[in-house]
Amino acid sequence: MNMKNIVFLIVVVMIAVAAVPVTRAKSKIDLAARGVSIGINNVGVADLAVTRGTVRFYNEKKKFGFITPEDGSADIYFDKGGLIDKVKTGDLVEFDTATGTKGAYARNIRLR
């Protein structure tokens with residue numbers, strides 16, 4: 001093989017490696033059930049913290065609501081996709097936060 005073929009081969013391998021999608025570890029599901037979130041969310045931001053709060057509002061018909069975090073930060077949005085347990089207004093919950101294209105949201109919401 002000459003140098004030109006070696007460079008071509010390296011470039012092809014680099015392109016193939018870059019095209020492979022990043023996948024989550026199977027153990028992430030187990031960790032989420034225990035209240036720990038590690039890994040990458042939909043827009044590539046690493047999540048590490050579990051937050052506690054109170055469901056300020058939940059619309060059962062439209063399946064969305066807001067949680068007031070215990071730390072006094074701004075209310076955070078959630079929808080039915082983020083629920084692990086069934087919740088209602090006033091419930092004490094634990095949740096993970098993530099940042100999407102429209103801002104912060106709660107996910108993996110479970111009763112305390």
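The values are calculated or read from the model by the stated rules, or taken from the named source; none is laboratory data. All values derive from a computational prediction rather than experimental measurement. Cβ placement follows ideal geometry from the backbone for every residue including glycine, while neighbour counts extend to all protein chains displayed.
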Quick one: would you say Gly44 is on the phi > 0 side of the Ramachandran plot, part of a loop (DSSP other than H, G, I, E, B) and at pLDDT 60 or above?
no
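Residue by residue, here is whether (1) touching a residue at least 60 places away in the same chain (Cβ under 8 Å); (2) buried (at least 19 other Cβ atoms within 10 Å of the Cβ); (3) part of a loop (DSSP other than H, G, I, E, B) holds:
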position: Ala74; (1), (2), (3): no, no, yes
position: Tyr77; (1), (2), (3): no, no, no
position: Gly81; (1), (2), (3): no, no, no
position: Lys86; (1), (2), (3): no, no, yes
position: Gly90; (1), (2), (3): no, no, yes
position: Thr97; (1), (2), (3): no, yes, no
position: Tyr105; (1), (2), (3): no, yes, no
position: Asn108; (1), (2), (3): yes, yes, no
